[in-house]
Amino acid sequence: MTIRFLSQATQVNKNKVLGCLLSLVLFLPTLASAQGNPFTPYSAEYTAFKWGDDVGTAKIELSQLSESQYSLTYASKVSKFFLSDKRNEHSVFSLLEGEIIPNEYHYSRRGTGKNKSLDVNFDATEPATIVVKDGDNHPWNGQLDNQLYRLFIAHGLAEGEDTVAYDYINSRGQLRSQTVSVIGEETLQVPFGELDTIKVKINRKNSTRETFAWFAPSLNYTLVRLQQFKDGDEQGDIQLKHYIPK
């Protein structure tokens, strides 16, 4: 199964671009129904660890804005010694005839080192374009944004897939590809408690980073742990502390 991520124009031009969106849909297979619903709105809080120490918090929230439109946010705040890092991501997307349609994506990072931000819009009018504010625009060929992979993977796991691949635009405004491979089932102990999970590895092309993620079927395949390494050294580890369905 492959989940498609397409764009949605503004509500003012919704009728005009609907035909463009539907024509783009033809190029990719449809989203099959899944056991468990990764689109069930929820709020999840995480504890951030670094080398085993509690260094901060993170929060992921999925909200339904209207019958077909959703909001996905991520916020983290970590500090250790004299280092600090505060990040925010916000995706607005819709579900149109079984398709996940990115609309806009916003990213900001503040703290030690250089501050960064990114604003992206997905424009479906021909030619379909990924519009990067103050950056390079890209042809839009089904790429998703930098954080919708969580929903992409959740749907794949719910359908029993063991390998998924997708293209996306990262937080630097660059087009990238990732492959996700299921490692296996694992009973995981996190601050939230003991959970039966599915562990996956996220592989990035031409990158020395390795990311492992755990999803819990009992919580609608919500992400319950994310651990990342670079050149073999741990960069961070977030683990679920609270989960509240909306």
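The values are calculated or read from the model by the stated rules, or taken from the named source; none is laboratory data. Here the structure is a predicted model, which means the values were calculated and not measured. Counting neighbours? That spans all protein chains shown, and the Cβs are built from the backbone with ideal geometry, glycine included.
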Original post:
Which of the residues that make up the range 124-137 are under 23 Å from N88 (Cα atoms) and either modelled with pLDDT of 95 or more or in contact with a Phe, Trp or Tyr (Cβ under 6 Å, 6 or more places away or on another chain) (or both)?
Top reply: I130, V131, V132, K133, N137
Original post:
Checking A124 against (1) surrounded by 15 or more Cβ atoms within 10 Å (Cβ to Cβ); (2) under 16 Å from the mean Cα position of the chain (by Cα); (3) over 18 Å from Y221 (Cβ atoms), which single condition isn't satisfied?
Top reply: (2)
**OP:** For I169, work out the one condition from (1) at pLDDT below 90; (2) more than 22 Å from K59 (Cβ to Cβ) it doesn't fulfil.
**Re:** (1)
**OP:** Run down Y107, Y149, Y74 and say which single residue is among the hydroxyl-bearing types (S, T, Y), closer than 18 Å to N37 by Cα and under 13 Å from the mean Cα position of the chain (by Cα).
**Re:** Y149
Original post:
For T112, are the conditions met, namely being within 14 Å of the chain's Cα centre (by Cα) and β-branched (V, I, T)?
Top reply: no
